[in-house]
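First comes the structure, then the notes that go with it.
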Amino acid sequence: MSPAVQTHGLACRFEFGRRLFGPPRALLHALHPTDLAVAPGETLGIVGESGCGKSTLARMLVGLQPPSEGFIEIEGAALNRADPAEFGRRIQYVFQDPVSSLNPRKTIREILEAPLRYLHGMGRAARRARIDEIFGAVRLRPEFLTRYPHEFSGGQAQRIGIARALAASARILVLDEPVSALDVSVQAQVLNLLADLKAEWGLTYLFISHDLAVVEAVSDRIAVLYFGSVVEQGPAERVFAAPRHPYTRLLADSAPQVGRKLGGGAAGELPDPLDPPPGCAFAGRCPLATERCRAERPLLRPVEGDQFAACHHPL
Amino acid sequence: MRAFLKLLFRNRLAGMGAVFLAVIVVLALLTPLLPLHPPNEINTANRYLRPLAEGHWLGTDHLGRDLLSRILWGTRLSLAVGFAAALIAAVIGAAIGITAGYAGGRTDNVTMRGVDMLMAFPYILLALAIVAVLGPGLMNALIAVAAVNIPFFARNIRGVTVGIAHKEFVDAARLSGMGHARILFSEVLPNVVPVIVIAMSTTLGWMILETAGLSFLGLGSQPPQADLGSMLGEARSALISAPHTSLVPGAMILLIVMSINLLGDGVRDALDPRLRSGALSRPAAATLVERKQVPAPSSEGLLRIEDLETQFQVGRRDYRAVNGVSLSLEPGECVGLIGESGSGKSVTALSVMGLVASPPGVITGGAVRLDGDDLIGAPYARLRALRGNRVAYIFQDPLSTLHPLYRIGEQLAEAIRVHHPVGRNEAKRRAVQLLVDVRIPNPAQRIRAYPHELSGGMRQRVGIAMALANDPDIIIADEPTTALDVTVQAQILKLLDDLRRSRGLAILFITHDFGVVAQLCDRVAVMYAGRIVEEGPTAEVLEAPAHPYTKRLIACVPELGGGRRRLEAIPGLPPAVDDLPPGCAFAPRCDKAAEACRSGEVALQGQDRRRVRCLFPEPTTEAAQ
Ligand SMILES: Nc1ncnc2c1ncn2[C@@H]1O[C@H](COP(=O)(O)OP(=O)(O)OP(=O)(O)O)[C@@H](O)[C@H]1O
Ligand code: SF4
Ligand code: SF4
Ligand SMILES: [Mg+2]
């Protein structure tokens, strides 16, 4: 069976200091060429710190951001034109900020009708039936349909965002920090809802988050992004329990946890994205860095079984 | 809509403007039906009749035409032309602004440079040039006035559109299969309309004035047709001998423009959401205090918060954000205050130094004792002397305490010099030392950096350095690491921990993360709906939570290394603090709730350091083993 989502050398560069004519002053590599594959029914967790390219990857996957290189294959069909409408039927996006992803001047029904109308050309009666079905699925009461977004709490608004993604009948969802804006008690409600929906509707998830524990709790496999590249990839139960890349270990050690001493983490910051180092981007913070690391960029390669790391000296 | 009108009429001047304008508009609309002389009926025998002359209430002009009739017809025309010009300018300007703002990139660049060029011309010169090209006439004057106002609309509306075009709901609409045209009309436009209305209501008056100006110069309405400007122009020659011929149209212009501008300002204020919360009304220097009684001082401590109550009084509602909170802090101790969003953590922290914005915030009860002295209701001068000096704050967003336009070194030196009379060089030396203390590499150079040149983690270190500037005894840190990445968060937590051990600082640490509390804090207090529901040494609370809320909140949080699993969610939402249920606030979500929980107040009980607010606490002793 072909993967639900596959990226082939997908990369994104942003131009800086654009002039009216002529080439830009600088290029920023938001995402280096990346190959990822997600099997149908799988949840791939993507973690990384701010600015590492998580959201750029997500936006390319749904066609909101045209790739500078490479292409995306969804359910076996290559989509190489950034057209959200074409992507929309197959893959949908759930936004980080649930409230700002809903137009304040539309009722919930109007918001949910849009994908049914414009992606599927459904008639009035069919739309009504479908909205009732989906709204029940995300455990919201039907009387909410006539209200406006500002009347909802964050958790409810995020359910509405999920309902909109489901309304498009896409079977793949890109969830970009879907619970980061929510309180912990509500976060658990939404995560459980996502798990139920996945089982009921046979969905595939790409789950992006900076919260390692949340990603570990929901994913089958995890990819760790650092400075625009996947530095480690592997089964969820192994990536943080037995990291192979020094950065993944730093992440896992830094996560604040009950019953563990303050680590303090390594000093150092991300390199300047406008002036990237020639070798491994992590060399400046890595305790194992050698001459080779500073000169040659490590490529993602298998370390053990289905665990991959982009490191010259994996742990 | 009703709320809008209420808001509008609360502004007296705007209400007055609305009434005047309504009368004028009604008169203008009714003019053809009123029993008036024809406006252009010449009767040279009756030239320059004074007001109140028989048959001519306002007198007549140099051709013996009835002024009342002419002023009403003229007003009708001027209003119509003004409205039309405003409408045309708004429609074309909005179209340009929305397109440029939504398209972005090169389209935006080229269009807006063009608009800027038009705006660079003096206003009236441009209008004159347009009329000169098109020839005089009312229609051409209208076109000219509309044209010179288009750039204003385009600019304003482009700015708003850019903001909206980057909102996530526009992306969501694209993913719902909407095309660009449809998004512009159904997603962007409805959000821009209020801005268009505001811009129109604030410029309409000027447009009427400009049209009158052109007519006055003879470039607008042509004789014998009356509009307000041409009436003034014709009366100019008789300014001394028959002043009423100028006064009547002059007064009318004044009345129209003034009432429209008053109304326009009112509309702007009523539609601008920032004014609704009262944010632009000047906040008091320290939080308002309305205490009925002051709690008797209890045992000494560095900082003791006793039965603190802080409310927000918005309209007729009282939001009881902090509802009887007691906490104490000893030197060198770190106390965690944990709770969900809206539970009152920040308001508790800000109340300590009277930093809650008033209005709407009011401290309605309790005391905050620093070394035994009550700070609530203390004179502002005393609070100011203590702020930053003995009690310092660190906020989630360090940019809220750093000025964007000054180098961080200058700001640190300034912070030191506010409380200590030291020289410039000494202050600078101390600033460098502070950056060394918070482990900023290369401090001698970094003091020359502006806040925006630093990464988020560095900025938060500078925020901490600012807090340390005057060697405070107490630091109140409100979610200082929530916006940071985990690796940076770990560095900052380590730094705070080292600082408190080396300097004997007391820290009140506000967070919603149990992991952070566990690593940093000696004691922890859990807040729910404005009250502390459980308190105790961190390890005891986390290992054996006594309050059902604490227990279930801990269970909600996934832990690293736990593998794939289903989380224990708490159904429902925290209660709104303006409508708290009687009895235990957690009862609607608690699966142990009984009748007794809902009927009476539940008190915080237990030995001094380990307390819980629950009638049926979890069995702590066995669980601890
Ligand atoms: N300026 C204000 N006007 C009206 N109500 C306010 C204002 N500021 C805060 N509140 C209300 O006070 C209550 C407590 O707010 P507070 O900011 O202390 O919560 P918090 O626990 O710090 O939450 P968070 O985790 O989101 O920072 C909330 O119900 C909030 O809506
Ligand atoms: S390649 Fe070298 S510097 Fe990079 S992570 Fe591996 S050991 Fe560290
Ligand atoms: S007092 Fe009653 S309702 Fe409140 S937490 Fe305890 S058992 Fe639950
Ligand atoms: Mg807060």
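The values are calculated or read from the model by the stated rules, or taken from the named source; none is laboratory data. Note that the structure is predicted; figures quoted are calculated from it, not measured. Cβ sites come from the backbone with ideal geometry, for glycine too, and all protein chains shown count toward neighbours. For accessibility, only protein heavy atoms count, side chains too; no ligands or nucleic acids. Shrake-Rupley method; radii C 1.70, N 1.55, O 1.52, S 1.80 Å.
Things worth noting here:
- Between A:LEU61, A:LEU206, A:LEU262, the Gaussian network model of chain A with springs among Cα atoms under 10 angstrom shows the greatest mean-square fluctuation at A:LEU262.
- Heavy atoms of B:VAL362 accessible to a 1.4 Å probe, total area in Å² rounded to 10: 10
- Taken about its Cα centre, the protein assembly as shown carries a charge dipole of about 1520 debye when Lys and Arg each add +1 at the Cβ and Asp and Glu each add -1 at the Cβ.
- Taken one residue at a time, the phi angles of segment B:491-507 give Karplus couplings (6.51, -1.76, 1.60, θ = phi - 60°) of 5, 5, 4, 4, 4, 4, 5, 4, 4, 5, 6, 6, 10, x, 6, 9, 10 Hz. Gly and Pro are set to x.
- Within chain A: Cβ-based charge dipole about Cα centre, in debye rounded to nearest 20 (Lys, Arg +1; Asp, Glu -1): 740
- Å² of accessible area per residue within segment A:69-197, as computed with a 1.4 Å probe and no ligands counted: 37
- Solvent-accessible surface (1.4 angstrom probe) belonging to B:TYR319, in square angstrom, nearest 10: 80
- Working from Cα pairs under 8 Å separated by at least six residues, relative contact order for chain B is 11 percent.
- Cα-based radius of gyration of segment B:403-460 once divided by 2.2 N^0.38 Å, which approximates compact folds: 1.06
- Between A:GLY228, A:GLY161, A:GLY202, the residue with the greatest mean-square fluctuation in the GNM of chain A (Cα pairs under 10 Å linked by springs) is A:GLY202.
- Rounded D (µm²/s) - the protein assembly as shown, Kirkwood Rh over Cα pairs, Stokes-Einstein at 20 °C, 1.002 mPa s: 66
- Extreme residue, positive dipole direction of the protein assembly as shown, given options B:VAL248, A:PRO3, B:VAL160 (C-beta unit charges): B:VAL248
- Segment A:163-315, relative contact order in percent, only Cα pairs under 8 angstrom and at least six apart counted: 18
- Values of log10 I(q)/I(0) for segment B:357-417 across q = 0.12, 0.17, 0.20, 0.27 Å⁻¹ run -0.44, -0.81, -1.00, -1.23, by the Debye formula with one identical scatterer at each alpha carbon and no solvent.
- Count Lys and Arg as plus one, Asp and Glu as minus one, and take only other residues whose Cβ is under 12 Å from that of B:PRO480; the net charge is then -2.
- Mean projected area of the Cα convex hull of segment A:167-315, taken over all directions, amounts to 11.0 nm².
- Longest DSSP-loop-exposure-free segment, GluC sites (Glu not before Pro), chain B, at most 16 other Cβ within 10 Å: B:301-567
- Three-way shape label, segment B:167-267, alpha-carbon gyration tensor, a/c 1.5: prolate
- With the convex hull of the Cα atoms taken as the outline of chain B, the averaged projected area works out to 40.6 nm².
- Sequence-distant contacts, meaning Cα pairs under 8 Å at least 6 residues apart, place the relative contact order of segment B:538-624 at 34 percent.
- J(HN,Hα) series, segment B:216-233, from Karplus relation 6.51 cos²θ - 1.76 cosθ + 1.60, nearest Hz, glycine and proline x: 4, 7, x, 9, x, 5, 9, x, x, 4, 9, 10, 4, x, 5, 4, 4, x
- Taking Lys and Arg as +1 and Asp and Glu as -1, the other residues whose beta-carbon sits under 10 Å from that of B:THR538 total -2.
- Span from the segment B:138-156 Cα centroid across to the segment A:145-184 one, whole angstrom: 44
- Semi-axis lengths (Å, descending) of the ellipsoid that matches the C-alpha gyration tensor of segment B:538-624: 24, 19, 11
- With viscosity 0.692 mPa s and temperature 37 °C, the Kirkwood radius over alpha carbon pairs of segment A:125-199 converts through Stokes-Einstein to a diffusion coefficient of 254 µm²/s.
- Projected onto its three principal axes, the C-alpha set of chain A covers 67, 57, 40 Å, listed from the longest axis down.
- Under 18 Å from B:LYS6, Cα to Cα: lysines that are on another chain or at least 8 residues apart: none
- Whichever aspartates and glutamates have a C-alpha closer than 16 Å to that of B:LYS428, once near sequence neighbours (fewer than 8 apart) are set aside: B:GLU410, B:GLU414, B:ASP437, B:ASP471
- Taking every DSSP helix (H) stretch of at least 4 residues in the protein assembly as shown, weighting each as -39,500 (n - 2.57) and dividing the sum by the residue count yields a mean residue ellipticity at 222 nm of -13500 deg cm²/dmol.
- Accessible surface of B:TRP206 - all protein chains present, 1.4 Å probe, nearest 10 Å²: 120
- Cα gyration tensor shape for segment B:380-521, rounded if a/c is under 1.5, else prolate or oblate: oblate
- Farthest toward positive dipole pole in chain B [+1 Lys/Arg, -1 Asp/Glu at C-beta], among B:GLY64, B:ALA539, B:GLY315: B:GLY64
- For segment B:80-127: rounded, prolate or oblate by the Cα gyration tensor [a/c cutoff 1.5]: oblate
- Pairs from A:LYS54/B:LYS551; A:LYS54/B:LYS345; A:LYS106/B:LYS167; B:LYS345/B:LYS551; B:LYS167/B:LYS345 whose Cα-Cα separation, in the structure shown, is over 22 Å: A:LYS54/B:LYS551; A:LYS54/B:LYS345; B:LYS167/B:LYS345
- Phi to ³J(HN,Hα) by Karplus 6.51 cos²θ - 1.76 cosθ + 1.60 over segment B:421-436, Hz, x for Gly, Pro: x, 10, x, 4, 5, 4, 4, 5, 4, 5, 4, 5, 4, 4, 5, 4
- Listed by chain and number, the lysines placed with their C-alpha closer than 21 angstrom to that of B:LYS494 are A:LYS261; residues fewer than eight positions away on the same chain are left out.
- Loop-resident trypsin sites (Lys or Arg not before Pro) (DSSP state other than H, G, I, E or B) in segment B:487-565 with no more than 13 further Cβ atoms inside 10 Å of their Cβ: B:ARG565.
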